[in-house]
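Novice: First the structure, which I've put down as structure tokens, then a few questions once you've had a look.
Any read-out appearing in this document is the output of simple, stated calculations on the displayed coordinates, not a laboratory observation. None of the values given here were measured: they were computed from a predicted structure. In this analysis, Cβ positions are derived from the backbone assuming ideal geometry, glycine residues included, and neighbour counts consider all displayed protein chains.
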Protein chains: 2
Amino acid sequence: MEKEIPVTSLQRLPVYLNYLKSLGKPEGNISSGAIARALGMGEVLVRKDLAYTSARGRTRTGYDCGELIAAIEEYLGCNRILPAVIFGAGALGRALMSYGGFKNYGIDIVAAFDTDPAKIDKFVADCKIYSASEADEVIKNTGARLAVVCVPANVAQSVCDELVGCGISAILNFAPVLLKVPAGVNVRNIDVAANLAILSSQI
Amino acid sequence: MEKEIPVTSLQRLPVYLNYLKSLGKPEGNISSGAIARALGMGEVLVRKDLAYTSARGRTRTGYDCGELIAAIEEYLGCNRILPAVIFGAGALGRALMSYGGFKNYGIDIVAAFDTDPAKIDKFVADCKIYSASEADEVIKNTGARLAVVCVPANVAQSVCDELVGCGISAILNFAPVLLKVPAGVNVRNIDVAANLAILSSQI
């Protein structure tokens, strides 16, 4: 991806993809207006979102359906598989292990880690929970560079440091703390409560 | 909140709050530079974040610690309790029910709903799971206007319609679909996989 796409645009791409596939006409054309009407969205927004992909619409005829599907799939990385790990197999970590949506983006959760002996060596949705002490070996074997941090706030920084030491260079953090990482490591934070708080302010 | 605060700023406010409280000196002063250094952040960013609250720093002396704590608490709504419900008590819904972070923002998860008889009338972290058929009555009794949608994509729109019918006016949606809502209802989407996909593009 050349330019960073906003999350809101990125999360609409699988919606377009599902809709286009549901039409079952890879040889036909479709306009951004038709997509917008079918999905109850603005046409300008649809065109803007699709412009992040390599697909180019033509005046009057619109997009070639097959080309558009291929362009979205390529953009979303459906054609490659990227391994990722989850650190922390508590309620949230296990929920993410069993979440199917990662496949939409070509991401495969290959392992999880926890320090609780009762969880280690258990499986959740085909994904094994390893001891945190095995993280270095497992991460290097799987070649994962992506990690999801689902541990309590008070241990998140030390887990983050350990992951970076294992070669992880991109972290999705659910712990409500600001992780300090060296240059070259990217962190994105998901704070569920903060999102709910913003909504609450709009009631 | 007068102006919409970015999620990234909002999620740093509890971090400042925890830090300020940890100092244990409500009668002293603290500068934005000192806060920034302690938390490993930029000073301009700290000042910008704190400007969303009613706290006003003074040249040289900085902020009055007690006033700053009170301003952040007021902004985060720590002084009021807002009831919210969760629809869908699957793995993610249950993880959110047991998540303690909502209290940071004065949000209280008062009930959850599901259609699975095996889950109904069970409790997760003091929160009861009700039958989806009781949603209207329970939501009206609790006065909740906020809901979190954690159901599969194929039923998310019908659940959303039902919630709106029960008086819900703000929805945090985890299902990877675009919910159509009437004017006056706000929706925010959290797509975990989309966030991970953005990170993966930066590796």
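Novice: Looking at the calculated P(r) for the stretch A:5-119, what percent of the C-alpha pair distances fall above 20 Å?
Specialist: Values: 3176 of 6555 pairs.
Counting pairs separated by more than 20 Å, the tail of P(r) holds 48 percent.
Novice: On a 31 Å Cα-Cα criterion, which of the cross-link pairs B:Lys48/B:Lys128; A:Lys128/A:Lys180; A:Lys21/A:Lys48; A:Lys180/B:Lys48; B:Lys128/B:Lys180; A:Lys25/A:Lys48 come out too long?
Specialist: On the way: B:Lys48/B:Lys128 40 Å; A:Lys128/A:Lys180 28 Å; A:Lys21/A:Lys48 20 Å; A:Lys180/B:Lys48 20 Å; B:Lys128/B:Lys180 28 Å; A:Lys25/A:Lys48 23 Å.
Distance filter (> 31 Å) returns B:Lys48/B:Lys128.
Novice: Roughly what angle does helix B:192-201 make with the longest principal axis of chain B, taking Cα atoms, 0 to 90 degrees, to the nearest 10?
Specialist: Computed tilt is about 60 degrees.
Novice: Take the alpha carbon gyration tensor of the protein assembly as shown, find the square roots of its eigenvalues, order them as a ≥ b ≥ c, and report rounded if a/c is under 1.5; if not, report prolate when a/b exceeds b/c, else oblate. Kindly include the intermediate steps, with their values, before the conclusion.
Specialist: Working: a/c = 1.38, a/b = 1.26, b/c = 1.10.
The shape class here is rounded.
Novice: For the rotation bringing A onto B, which A residue has its Cβ nearest the axis, and at how many Å?
Specialist: Result for the axis mapping A onto B: A:Ala95, 2.
Novice: Quick one: B:Ser158, A:Ser169, B:Ser9, fewest Cβ neighbours within 10 Å first, how do they rank? Numbers along the way, then the final one.
Specialist: Details: B:Ser158 10, A:Ser169 18, B:Ser9 15.
Final ranking by Cβ density, sparse to dense: B:Ser158, B:Ser9, A:Ser169.
Novice: Once both axes come from the Cα atoms, what is the angle between helix B:65-76 and the longest principal axis of chain B, in degrees from 0 to 90, rounded to 10?
Specialist: 20 degrees
Novice: Where nothing but the Cβ of Lys and Arg (+1) and of Asp and Glu (-1) is charged, how large is the charge dipole of the stretch B:49-102 around its Cα centre, in debye to the nearest 20?
Specialist: Details: 5 positive and 5 negative charges, 14 e Å.
The dipole of the stretch B:49-102 has a size of about 60 debye.
Novice: Between A:Arg80 and A:Gln202, how high is the FRET efficiency from 1/(1 + (r/R0)^6) when r is the Cβ-Cβ distance and R₀ = 56 Å? Nearest 0.05. Please report the intermediate quantities before stating the final value.
Specialist: Details: r = 39 Å, r/R0 = 0.69.
Between A:Arg80 and A:Gln202 the formula returns 0.90.
Novice: Over all distinct Cα pairs, what is the inverse of the mean 1/r for the stretch B:86-203, reported as the Kirkwood hydrodynamic radius in Å?
Specialist: Working: mean 1/r = 0.0677 Å⁻¹.
Computed over Cα pairs of the stretch B:86-203, the Kirkwood hydrodynamic radius comes out at 14.8 Å.
Novice: Same structure, new question: Can you work out the FRET efficiency for the pair A:Asp116 and B:Glu67, with r the C-beta to C-beta distance and R0 = 41 Å, to the nearest 0.05? Write out the running numbers ahead of the final one.
Specialist: Values: r = 42 Å, r/R0 = 1.03.
According to the calculation, E is roughly 0.45.
Novice: Further question: Helix-only estimate, please: 222 nm mean residue ellipticity of chain A, summing -39500 (n - 2.57) across DSSP H runs of length 4 or more and dividing by its residues, to the nearest 500. Show your work: numbers first, answer last.
Specialist: Numbers: 9 runs with 80 residues, N = 203.
So the calculated ellipticity at 222 nm is -11000 deg cm²/dmol.
Novice: Under a Cβ-Cβ cut-off of 14 Å, what is the net charge of the residues other than B:Pro14 that fall near it, where Lys and Arg count +1 and Asp and Glu count -1?
Specialist: Details: positive: B:Arg12, B:Lys21, B:Lys103; negative: A:Asp191, B:Asp49, B:Glu73, B:Glu74.
Here the count lands on -1.
Novice: List, shortest first and in nm to one decimal, how far the label point of B:Glu4 (7 Å from Cα along Cα→Cβ) is from its counterparts in the other copies.
Specialist: Ordered by increasing distance: 1.9 nm.
Novice: Taking K and R as +1 and D and E as -1, what net charge do the other residues with C-beta under 11 Å from the C-beta of A:Val124 add up to?
Specialist: Values: positive: A:Arg94, A:Lys119, A:Lys122, A:Lys128; negative: A:Asp114, A:Asp126.
Within the 11 Å Cβ shell, the charges total +2.
Novice: Mind listing the label-point distances from A:Pro117 to the same position on all other copies, shortest first, one decimal in nm, points 7 Å along Cα→Cβ?
Specialist: Those separations, rounded to one decimal, come out as 4.0 nm.
Novice: Please say if the stretch A:116-178 is rounded, prolate or oblate, where rounded means a/c under 1.5 for a ≥ b ≥ c the square roots of the C-alpha gyration tensor eigenvalues, and otherwise the choice is prolate for a/b larger than b/c and oblate otherwise? Numbers along the way, then the final one.
Specialist: On the way: a/c = 1.70, a/b = 1.20, b/c = 1.42.
Because a/c hits 1.5 or more and a/b fails to exceed b/c, the stretch A:116-178 counts as oblate.
Novice: Considering the Cα positions of chain A, please state its Rg to one decimal place and its Dmax as a whole number of Å.
Specialist: So, for chain A, Rg and Dmax equal 19.7, 62 Å respectively.
Novice: Further question on the same structure: Label-to-label distances across copies for B:Ala34, with labels 7 Å out along Cα→Cβ, in nm, shortest first?
Specialist: Here the equivalent label points are 6.5 nm apart from this one.
Novice: Whats the longest run of chain A with zero trypsin sites (Lys or Arg not before Pro) that are DSSP loop and have at most 16 other Cβ atoms within 10 Å?
Specialist: Numbers: sites that count: A:Lys3, A:Arg56, A:Arg60, A:Arg80, A:Lys122, A:Lys180.
The reported range is A:123-179.
Novice: Once both axes come from the Cα atoms, what is the angle between helix B:7-23 and the longest principal axis of chain B, in degrees from 0 to 90, rounded to 10?
Specialist: It is inclined by approximately 60 degrees.
Novice: Then there is this: Using a 7 Å offset from Cα along Cα-Cβ at A:Val187, what residues in the stretch B:13-41 end up with backbone N under 12 Å from the label point?
Specialist: Within reach of a label on A:Val187, which here means backbone N under 12 Å from a point 7 Å along Cα→Cβ, the stretch B:13-41 contributes B:39-41.
Novice: Take the Cβ-Cβ distance between B:Ser133 and A:Arg47 as r, set R0 to 51 Å, and report the resulting FRET efficiency rounded to the nearest 0.05. Present the calculation step by step, with values, prior to reporting the outcome.
Specialist: On the way: r = 42 Å, r/R0 = 0.83.
Between B:Ser133 and A:Arg47 the formula returns 0.75.
Novice: Ok, one more. Which whole-number percent gives the relative contact order of chain B, counting Cα pairs below 8 Å spaced six or more residues apart? Before the final figure, lay out each step's value.
Specialist: Details: 293 pairs, mean separation 28.0, N = 203.
Dividing the mean separation by the residue count of chain B yields 14 percent.
Novice: Further, regarding this structure: Which whole number gives the average, over all residues in A:101-107, of C-beta atoms from other chains lying within 10 Å of the residue C-beta? Each step should come with its number before you reach the end.
Specialist: Values: counts 9, 5, 1, 5, 9, 3, 5.
For peptide A:101-107, the averaged partner shielding equals 5.
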